[in-house]
Amino acid sequence: MIKKKIKTYKKESGTLLPFSFKEDVPFKAKRVFVICGKKGFIRAKHAHFKCSQYIIPVTGKIELECEHDREKTKTILDPKNKNGYLLKPITWCKIKFLTNNSVIMVFCDMEYEYSDYINRYKDFLKYKK
């Protein structure tokens, strides 16, 4: 997982977080989706063979647990930290929502393909070897 700082522009009326597909997203994005979650719920629990994902916290606090190669990381996603997180292919990912109404935005470098998913952790471990 690679952390990347997000540019923000603050005014009295609020904060603007612009994203340039040319400069800010670390690959040519082909798909974008948003996940909204309730406190305590878990999403993802999968890896991708080929797809890279860039995750941006929009609101709330979310725990992002990742495993890539032999490195395991656990990070709290919070929009106040102004960081985006790049997940490369063959990264096991688990997302836990720590607050109600938490939202993340995910940019992907490829269109949705069911065959790109590794849905079972034991299959992920086998593939890594």
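Candidates are the residues of the range 62-75 that are under 16 Å from K128 (Cβ atoms) and surrounded by fewer than 16 Cβ atoms within 10 Å (Cβ to Cβ); the one that is farthest from the chain's Cα centre (by Cα) is R70.
The strands (runs of 3 or more DSSP E) found wholly in the range 1-111 and carrying at least 1 residues that are of a type in the set (F, W, Y) occupy 9-11, 31-37, 53-59, 83-87, 91-97, 102-108. None of D78, D116 is free of Cβ contacts under 8 Å to residues at least 24 places away in the same chain and either surrounded by 12 or more Cβ atoms within 10 Å (Cβ to Cβ) or over 22 Å from G14 (Cα atoms) (or both) except D78.
Inside the range 78-129, residues that are polar (S, T, N, Q) and more than 17 Å from R43 (Cα to Cα) make up a count of 3.
Only one residue in N83, N101, N119 is of a type outside the set (A, V, I, L, M) and in contact with a His (Cβ under 8 Å, 6 or more places away or on another chain), so which one is that? Being of a type outside the set (A, V, I, L, M) and in contact with a His (Cβ under 8 Å, 6 or more places away or on another chain) holds for just one of N83, N101, N119, which is N119.
Within the range 40-82, being among the acidic types (D, E) and more than 13 Å from M1 (Cβ to Cβ) holds for one residue alone: D78. Given the criteria surrounded by fewer than 15 Cβ atoms within 10 Å (Cβ to Cβ), hydroxyl-bearing (S, T, Y) and farther than 20 Å from C36 by Cα, does T59 qualify? Criteria not met by T59. If you go through the range 39-75 and keep only what is more than 24 Å from Y9 (Cα to Cα) and of a type in the set (A, V, I, L, M), you end up with I42, A44, A47, L64. If you filter the range 37-56 down to residues that are surrounded by 15 or more Cβ atoms within 10 Å (Cβ to Cβ) and hydrophobic (A, V, I, L, M, F, W, C), you find that the one that is nearest to M110 (Cα to Cα) is C51.
Quick note: the coordinates plus some simple rules give every number you see, no bench work behind them. Predicted model only: the values in this text are computed from it and were never measured. Heads up, the Cβs are rebuilt from the backbone with ideal geometry, glycines too, and the neighbour counts pull from every protein chain shown.
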